Amino acid sequence: MLLNDIKLFSSEIILIICSVFILMYGIFFKDNSQSIKNIFYISVLSLILSFYSIIYFVNPEMSFFNNLLINDTFTLFFKKIVLIGTIVIVLISYNYLIDLEIIKPEFFFLILLSTVGILILISSRNILSMYLGLELQSICLYILAAYKTNDIKSSESGIKYFIIGALSSGILLYGLSIIYGFTNATDFYEISESIKLSLQNDENFLILNIGFVLILSGLFFKIAVVPFHMWAPDVYEGSPTSITAFFTTIPKIGALAFLIKFLNIPFENYYSAWFQILYVVSIFSMIYGSIVAINQSNIKRLLAYSSINHMGFLLIGILVGTQTGIKSIQLYLVIYMISVLGLFTCVLSLKNKSNELYLENIGDFSGLIKKNSFVAFSFAVLLFSIAGLPPLAGFFGKLYILISAIESKLYILSIVAILTSIVSAFYYLRIIKIIFFDEPVNDISVNTSIVSKLIIIISIIFSITLILFVSDILELINSTSILTNL
Amino acid sequence: MEIPVLYYLYLSIIIFTIGLVGIFLNRKNLIVLLMSIELILLSANINFVSFSYFYQNIIGQIFVFFTLSVSAAEAAVGLAIIVIFFRKKDSIHVDDINVLKG
């Protein structure tokens, strides 16, 4: 029994053992470049191993550890995506952190441990395991935000992230306690049964509503949608760029996957209540994210606002309330993650030649085409893809979400989604205009390592050729599903 | 004499509100923010324990053990981040967190 549980939990166990090993290794060996290199290899290897263990050891539809966690096919899909994304983050961070001279063993330890938290969060089926996974993830992220200790911006973003994050998990915990009080259960499926029973008996739902709203606002803080978005731009700007790349993709994917699961398992009979909340949040975050991003000059800030817009877009897929909606979210998240990671890899390859600082201001990108056509071209493809121009990948993500929205007669939402996509296309195209047509203001030095070149090439090939194999990916996604009842 | 479970809930709601108000109205010290966050977590703990007693169901009390250790970890990390900030800025005044804006 225990052996079987360990087998099902193997991907997390590998990561935990390797992260603790890295911490010990960092303590007992001096901080020279060779030992850092070893640690880097160990962490990449452990992520790959854990990816393989998901494929080979973990069989889906099984609960383990006394029904604290469950692996359904939906969960496994997101686990694989999270692990792939984390591998990319570790690869692109290595050179960047060496260059800033802030590379320490703790970085890899924290990245691996927060990945474990995300994996636990995604596969949870009990409010206890869900809370612990969420906290493990966010406590590691607070430290990562303040990682560049000699920079006031980084420590300030750490403080902001810590206060907002701790407040949101406190609110979430209070909501969980109310749900526990209302249903006398901690298991998602038991909560679902209990709510179904009370719906049949027409009980008073005030208490449950309060708890539900508190939990939702805690989760909205984590995925940064309006009105719980105000921390995101500041934190993204302040933290080191490779860590910003982590923030914009992996924890958001985890929290969104959990949100889908949470709304579809314990609260599946409560659709009418969460429909209205998500409707308002989705519309406002699409509008806010697209309009405020227009006059941003910092690329990290701009991507923060654009991620608010994307999250609003993704909530439409949840709002639809059908299986097609969830499938379209899965497709969109894969495309979003690959494009954003490619984009951050491009940003990380640009430096100012005179003062050796990494470029963050969009105006400084001017005339990049004359300097390095490869990076300029990849910027163009990835930005076109995120903006959603037809032959590229981002278009299909938006298309399938809009199809499912129109099938469910959510016309106003679809119109708002299309209009805000047009507005957001403006600021993506502005970056392309600056890169291709403006006169250079300062000397840019471009240095792409082989690994980051490879990542950029893969993300470009994915963006361009997705049109050819989009049906295959959809088939893969269609084979996954949430286990809504046991 | 037994105290009804509702009274515990009133207590937890009051503590929760004090915590929230402390975060939103506090314009002075970062340590006060940390204390307010701890208050919010504690109010949730009171809820868990009182519900657990009410239902005679042990899970709520187990939950509190985990929450306590999590909140300790959170406070440790938060204090460490505040120390880093203090080294750069020589202040932990809330109004001094003003480098990032826009």
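A simple charge model with +1 on the Cβ of Lys and Arg, -1 on the Cβ of Asp and Glu and nothing else charged puts the dipole of chain A at about 800 debye relative to its Cα centre. Exceedance of the 22 Å cut-off in Cα-Cα distance is limited, within the set A:K370/B:K101; A:K7/A:K37; A:K222/A:K409; A:K7/A:K80; A:K148/B:K89; A:K30/A:K453, to A:K370/B:K101; A:K7/A:K37; A:K222/A:K409; A:K30/A:K453.
Once you reduce the range A:353-394 and the range B:26-102 to the center of their Cα atoms, the two points are 41 Å from each other. The distance separating the Cα centre of the range A:129-206 from that of the range A:3-46 comes to 28 Å.
Pairwise Cα distances in the range B:5-95 exceed 22 Å in 38 percent of cases. Computed with every protein chain present, the accessible area of A:C18 is close to 30 Å² [probe 1.4 Å].
Note on exposure: A:K371, B:K28 ranked by accessible area (1.4 Å probe, complete protein assembly) read B:K28, A:K371, with the most exposed listed first. The residues neighbouring A:F188, those whose beta-carbon lies less than 9 Å from its own, together hold a net charge of 0 under the Lys/Arg +1, Asp/Glu -1 convention. Annotation: amide H-H contacts under 5 Å for A:S445 (H modelled 1.01 Å from N, sequence separation of 5 or more, or interchain): A:K351, A:N352, A:K353. Here the simple spin-label model places points 7 Å from the Cα toward Cβ, and for B:I13 and A:F65 these points are separated by 3.5 nm. If you plug the beta carbon distance of A:T465 and A:K37 into 1/(1 + (r/R0)^6) with R0 = 45 Å, you get a FRET efficiency near 0.85. Listed by chain and number, the aspartates and glutamates whose alpha-carbon sits under 14 Å from that of A:K300, ignoring those within fewer than 8 places in the same chain, are A:D234, A:E237, A:E360, A:D364. Helices in chain A that qualify as membrane-span-like (whole DSSP H runs, Cα extent of at least 30 Å along the helix axis, mean Kyte-Doolittle hydropathy of 0.5 or higher) are A:33-56, A:73-100, A:152-183, A:241-264, A:271-292, A:299-320, A:323-348, A:411-437, A:450-478.
Per atom type, the range A:276-486 shows carbon and sulfur on 69% of its accessible surface, probed at 1.4 Å.
Positive end of the charge dipole of the protein assembly as shown (Lys, Arg +1 and Asp, Glu -1 on Cβ, about the Cα centre): tell me which of A:L208, A:N447, A:S354 has its Cα farthest that way. Selected residue: A:S354. Figure legend: label point modelled 7 angstrom from the Cα of A:V441 along Cα→Cβ; no residues of the range A:305-348 have amide N under 14 Å from it.
How much net charge surrounds A:F74 when only the other residues with a Cβ under 13 Å from the Cβ of A:F74 are counted, with Lys and Arg +1 and Asp and Glu -1? Summing Lys and Arg as +1 and Asp and Glu as -1 gives +3. Ranking A:A293, A:I457, A:L474 by how far each Cα lies toward the positive end of the dipole of the range A:276-486 (charges on Cβ) leaves A:A293 at the top. With a 1.4 Å probe rolled over the protein heavy atoms of all chains, the accessible area of A:M311, B:M1, A:M1, A:M230 falls in the order B:M1, A:M1, A:M230, A:M311, largest first. Ordering A:L383, B:L11 by accessible surface, largest first, gives B:L11, A:L383; the 1.4 Å probe counts only protein heavy atoms, with every chain in place. Each Lys or Arg adds one and each Asp or Glu subtracts one; over the other residues with Cβ under 15 Å from the Cβ of A:N485, this totals -3.
For the peptide B:82-91, the mean number of other protein chain Cβ atoms found within 10 angstrom of a residue's Cβ is 5.
For A:A273 and A:I13, a Förster radius of 45 Å and the Cβ-Cβ distance give a FRET efficiency of 0.75, rounded to the nearest 0.05.
Given a Förster distance of 25 angstrom, what is the FRET efficiency for A:L357 paired with A:N295, based on the Cβ-Cβ distance and rounded to 0.05? That gives a FRET efficiency of 0.65.
For the range A:276-486, a Kirkwood radius taken over Cα pairs fed into Stokes-Einstein (4 °C, viscosity 1.567 mPa s) yields D = 72 µm²/s. The mean count of C-beta atoms from other chains within 10 Å of the C-beta of residues in B:57-63, rounded to a whole number, is 4. Of all the C-alpha pairs in the protein assembly as shown, what % are more than 42 Å from each other? Summing the P(r) tail past 42 Å for the protein assembly as shown gives 18 percent.
Surface burial for A against B, with a 1.4 Å probe and both sides summed, reaches about 3800 Å² of accessible area. Among the residues of B:49-56, the average count of other protein chain beta-carbon atoms within 10 Å of the residue beta-carbon is 3.
Per-residue extension of 0.36 nm, minus the Cα-Cα distance of B:L25 and B:Q61, leaves a gain of 9.8 nm for this segment. Extension gain, A:I102 to A:V280: 0.36 nm times the residue separation minus the Cα-Cα distance gives 59.9 nm.
Once both labels are positioned 7 Å from their Cα atoms along Cα-to-Cβ, the gap between B:M35 and A:L419 label points is 4.8 nm.
Average accessible surface for chain A: 35 Å² per residue, computed with a 1.4 Å probe over protein heavy atoms with every protein chain in place. Taking 7 Å steps out from each Cα toward its Cβ at A:Y411 and A:K196 produces label points 3.5 nm apart.
The values are calculated or read from the model by the stated rules, or taken from the named source; none is laboratory data. None of the values given here were measured: they were computed from a predicted structure. Reconstructed Cβ throughout: ideal geometry from the backbone, glycine too, with neighbour counts over all protein chains shown. We work out accessible area using only protein heavy atoms, side chains counted, and drop any ligands, DNA or RNA first. Shrake-Rupley method; radii C 1.70, N 1.55, O 1.52, S 1.80 Å.
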